[in-house]
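Just so it is clear, none of the values below were taken in a lab; they were calculated from the coordinates. Small disclaimer: the values here were computed from a predicted structure and weren't measured. Positions of Cβ are generated from backbone atoms using ideal geometry, with glycine treated the same way; all protein chains shown enter the neighbour counts.
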Amino acid sequence: MTSEATSFVIAFAALLFVYSLVSRKISRTVVTAPMIFVAAGMLLSPEGLDLVELSASSSFVLTVAEVALVLTLFADASRIELKALRQKEGLQNRFLFLALPLVIFLGAASAAVIFTDLTFAEAAFLGAILAPTDAGLGQAIVSNPKVPVRVRQALNIESGLNDGGAIPFFIFFLVLASGEELNQPIGTLLSLALEQVGFGALVGIALGLLGGWLSGRASGAGWTSGLYHRIEFLALAIVSWLAADGIGGSGFVAAFLAGMASGAMGRRVEEEEIIFTEAEGSILSLAVFFIFGIVTATGLSTIGFPELVYAVLSLTVIRMVPVAISLMGTKLHRETVLFLGWFGPRGLASVVLLLIAIEEAEGLPGLETISLVVITTVLLSVFAHGISAGPGSEWYSKLVAALPRDAPELGEMKELPARPGFNAPENPQGNSREKTQ
């Protein structure tokens with residue numbers, strides 16, 4: 001291990017230990033773990049105390065980030081039951097199939113207007129990087145039983161699936177932007193993008209179905225011990241990622257679809273597996289936020305007014321307008337639409353996709369602008385959404401308490417497990433409205 005990686009691991013492990021000692025106390029405040037780890041990364045960076053130095057393009061950084069995203073994609077997809085997408089009262093399909101493409105389109109259009117040096121492909125590439133949401137940054141909402149199940153489920157399922165849904169767009173616009181620079185024909189670029197997505201999908205579905213079937217058979221026969229039943233969950237995600245990557249496919253698409261296919265085979269995701277991946281996934285996710293803080297400190301002085309304007313637009317108009325359009329006809333109150341529109345934090349997926357872009361598109365003319373915009377947007381989101389999640393959910397829950405019982409927000413739905421969060425309550429309460437009254 002290089003001295004650069006060693007200093008990072010020591011600093012991160014020490015910070016993780018100290019945070020763990022006071023985590024329960026901190027969870028009662030508006031301060032979140034990502035906020036602390038990002039701030040610590042900035043403080044310890046060469047721009048601060050100069051104790052830790054990391055390059056955004058280092059293989060160590062990229063590996064940590066990729067593994068974190070792979071585990072998140074697989075865990076989220078396996079946790080979300082496919083039949084949940086068919087729930088009549090659910091809002092998730094509107095978010096995934098209408099709001100997500102609109103967010104990318106509006107993000108691309110806004111970037112093209114604000115940053116005239118970007119090509120359309122680069123602007124769309126930026127829109128795709130900032131499209132995924134991260135419910136972990138607003139855990140106070142998706143775990144708050146006072147917020148109606150229908151609303152919580154919309155945010156929970158959206159954040160669980162839209163990072164996987166955004167990756168094909170990311171791949172396509174990455175290939176398109178890089179190909180424009182190399183003057184490649186559009187047909188060749190499209191073929192390359194489809195090849196990456198297609199190979200990734202084939203590998204992910206095949207391994208997910210096989211792994212889910214084998215897991216179910218072994219578990220049913222009593223062959224699998226508790227410890228290794230949890231480990232297989234982690235192993236299948238990693239195998240899917242690396243196998244697809246090895247044949248030229250997208251490992252992220254493979255990990256996402258492997259998780260979904262595994263669940264579709266009836267492989268029940270049990271509580272101990274969720275706890276296991278929560279621990280492993282949270283450590284890696286916090287490592288990514290620590291890395292993000294170090295990288296952010298280096299470029300903080302170069303962030304200008306245009307980047308700040310776009311970041312604010314990304315967290316408001318670019319997110320809220322598509323959400324409002326997707327919810328037309330649902331008869332939800334405007335406060336609910338505003339609530340759902342605001343709580344679309346940008347976090348882990350956007351950071352990892354940026355690091356991949358830095359690695360894969362090193363010579364892209366607009367990469368510096370794209371990097372600064374993503375850094376600014378995620379930095380604002382970590383703090384703005386982290387601070388507002390608790391007070392925002394309390395404000396909204398009081399509004400909901402005054403609604404009539406036939407309000408569309410209160411539609412009955414089966415609730416699915418939420419993405420494990422950083423400040424999740426230790427003893428989750430019941431999910432029904434009756435338990436909160």
Problem set entry | Distance in nm between pseudo-label sites at L399 and E335 (7 Å out along the Cβ direction from Cα) | 0.6 nm
Exercise. Label V9 and V22 with points 7 Å out from Cα along Cα→Cβ: what is the distance between them in nm?
Worked result: 2.7 nm
For this session: Please identify, among A349, A264, A237, the residue showing maximal mean-square fluctuation in a Gaussian network model of the chain using a 10 angstrom Cα cutoff.
Result: A264
Exercise. Taking neighbour counts of Cβ atoms within 10 Å as a proxy for exposure, in what order, fewest first, do W241, W342 appear?
Worked result: W342, W241
For this session: Taking only Cα atoms and a 10 Å spring cutoff, compute GNM fluctuations for the chain and point out the largest among L126, L353, L367.
Result: L367
For this session: Before rounding to the nearest 500, sum -39500 (n - 2.57) across all DSSP H runs of length at least 4 in the chain and divide by the residue total; then give [θ] at 222 nm in deg cm²/dmol.
Result: -23000 deg cm²/dmol
Exercise. Taking Cα pairs under 8 Å and at least six residues apart, what relative contact order does the chain come out at, in percent?
Worked result: 31 percent
Exercise. Would you list R79, R24, R319, R405 from fewest to most Cβ contacts within 10 Å?
Worked result: R405, R24, R79, R319
Problem set entry | Viscosity 1.567 mPa s, 4 °C: Kirkwood-radius Stokes-Einstein D of the chain over Cα pairs, µm²/s | 59 µm²/s
Exercise. What residues of the range 1-33 lie in the reach of a label at T63, counting those whose backbone N is under 18 Å from a point 7 Å from the Cα along Cα→Cβ?
Worked result: 1-13
Exercise. Using alpha-carbon pairs under 8 Å, 6+ residues apart, how would you state the relative contact order of the range 98-181 in percent?
Worked result: 33 percent
Exercise. Using the membrane-span-like helix rule (whole DSSP H runs, Cα extent along the own axis of at least 27 Å, mean Kyte-Doolittle hydropathy at least -0.5), which helices of the chain qualify?
Worked result: 3-26, 59-79, 149-181, 186-220, 226-246, 271-299, 367-401
Problem set entry | Top of F339, F95, F170 by mean-square fluctuation, Gaussian network on the chain, Cα under 10 Å | F339
